[in-house]
Amino acid sequence: MLTVSEVLVFFVVSLLLIEFLKFQWMRRRFPPGPTPYPFFGNLLQMNFKVHHEHLKKMAKIHGNIFTLWFSNTPAVVLQGFHAVKEGLTAHAEDVAGSLKVLNLHQEKSVMFSNGHLWKQQRRFGIATMRKMGVGKKDQDYLLQEVAADLVEYLQETNGTAESQKSVCATWWKCETPQQDHRIRNSCLVLYIYIYMYVKLYNIPVYIYWSLSVLLHLSKFYCHNASYFCVEKKKWFTSFVHHNFLFNSYLQTKGDAHATYDEVNLMQTLVDLFIAGTETTATTLMWALLYMVIYPEIQEKVQKELDAVVGCSHVFCYEDRKKLPYTNAVIHEIQRYSNIILIALPRASMKDTDLMGYHIPKNTIVLANIDSVLADPEKWETPDQFNPGHFLDEDGNFVNREAFLPFGIGKWHRVCMGELLARMELFVVFSTLLQAFTFTLPEGVKEVNTKFVFGSTMKPPPYQLCAIPR
């Protein structure tokens, strides 16, 4: 007669065997990939993280389209330029869904919505940014003010400026209300929320429901963000002639066929906050770090600035056309720093076939942007900082089809703030290098360039000297 322990062992082994066989049956419906383990999927092989280096190693074994299992949830990975382009352009509409398991906000805003709601929110966001002057002289003037403030700040403190100022100036069209604790607290909680969201993104799917801390943070940031809307409502009648984000939203939300409401406004604020501060500020941090590491490139940029526009020129975005080397350096900074390693997860909207592989409906799709920006088939020296990637033999700037830091494909939600980000980087970077030469502090011989994981891939903390020119 079997003992209790023997029955228990038999039960556990049988359960594991059934789970393993179920996995093998389910795997036949998806592209190939590493063998998943019962209950854990491939999480053990990945050390419970979705790391771009792990994906690169797996692609060498299983090809540029393969499947990973997060517990019992499959995710199809697109690796390399051709797979990412095929998935996000030729099949863009098929993989344009928002991942519901990560969505704690009732599918609101541009980032997390689907279908008609997403189209309307994105259309509104792009139209409003046009009204705000993005891509026009008005936005140049605003960015010139921000750049001048950064120069003044560095001259006075020999430190780094706060990126929040650029965002508040864009949203509110006024100086940052430094004495307003509510606004500063809102900025802080949004940063914490973004950080926690990305950290928890690496945790198995089934654990999400037990993480109440993220839900509390979500409610807290909505409460704080609503302060912006309340204050703007108070000023609505006197500022109605300004075509800015709040006024446009509050005016349009009265449309019976529209999808505009308070929650969508809060979520759109978060989307713009991420795009307006986190990404641009992080890229500028890398930019200054690379100028310190590669002083010969910094000197060449400064020589071009001095020769073409002079030492007292106020930059506008149009200047990039006559500054090919500076423009190439900025693009290479974005490529080499690659602050967004893996695009926001998408979901297949229907059964589809991608490069000969079947992708069932509601499957998670991960596009590895790092594999595109470092694809050896598309870049001559993918592992080196080389502005020549964006220059032809005559020194003219050239666009590269594999340069995709803002995403690709109409339906794959290319960053609607792409033009604003390009303008910010060019105007601020050119202004800083016109005013300063950046060097390491005396006695410091080298700096660490290994990025720190977070909502964006930041450089480790570092010190530099801004020497006036």
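Filtered by the rule that a residue be closer than 14 Å to Ser71 by Cβ and of a type in the set (Phe, Trp, Tyr), the stretch 21-40 gives Phe23, Tyr37, Phe39, Phe40.
Got at least one residue in the stretch 61-68 being hydroxyl-bearing (Ser, Thr, Tyr), at pLDDT 85 or above and either surrounded by fewer than 17 Cβ atoms within 10 Å (Cβ to Cβ) or in contact with a His (Cβ under 9 Å, 6 or more places away or on another chain) (or both)? The answer is no; no qualifying residue exists. What are the residues in the stretch 330-389 that are of a type in the set (Lys, Arg) and over 22 Å from Val76 (Cα atoms), if any? Across the stretch 330-389, the qualifying residues are Arg335, Lys378. For first residues located in the stretch 441-463 and more than 18 Å from Pro295 (Cβ to Cβ), partners that are surrounded by 15 or more Cβ atoms within 10 Å (Cβ to Cβ) and basic (Lys, Arg) and lie 6+ apart or on another chain with Cβ distances below 7 Å form the pairs Phe451/Lys458; Val452/Lys458. Tyr336 meets each of the listed conditions (1) of a type in the set (Phe, Trp, Tyr); (2) out of contact with any Pro (no Cβ under 8 Å at 6 or more places or on another chain); (3) in a helix (DSSP H, G or I); (4) touching a residue at least 60 places away in the same chain (Cβ under 8 Å) apart from (4). Only helices (runs of 4 or more DSSP H) whose full extent lies in the stretch 1-103 are considered here, and the ones with at least 2 residues that are under 27 Å from the mean Cα position of the chain (by Cα) and in contact (Cβ under 8 Å) with a residue 40 or more places away in the chain are 52-62, 81-85. Residue pairs whose Cβ atoms lie under 7 Å apart, separated by 6 or more positions or on different chains, with the first residue in the stretch 293-315 and closer than 15 Å to Thr437 by Cα and the second acidic (Asp, Glu), do not occur.
The values are calculated or read from the model by the stated rules, or taken from the named source; none is laboratory data. Fair warning: this is a prediction, and the values are worked out from it, not measured in the lab. Note that we place each Cβ from the backbone using ideal geometry, even for glycine, and neighbour counts take in every protein chain shown.
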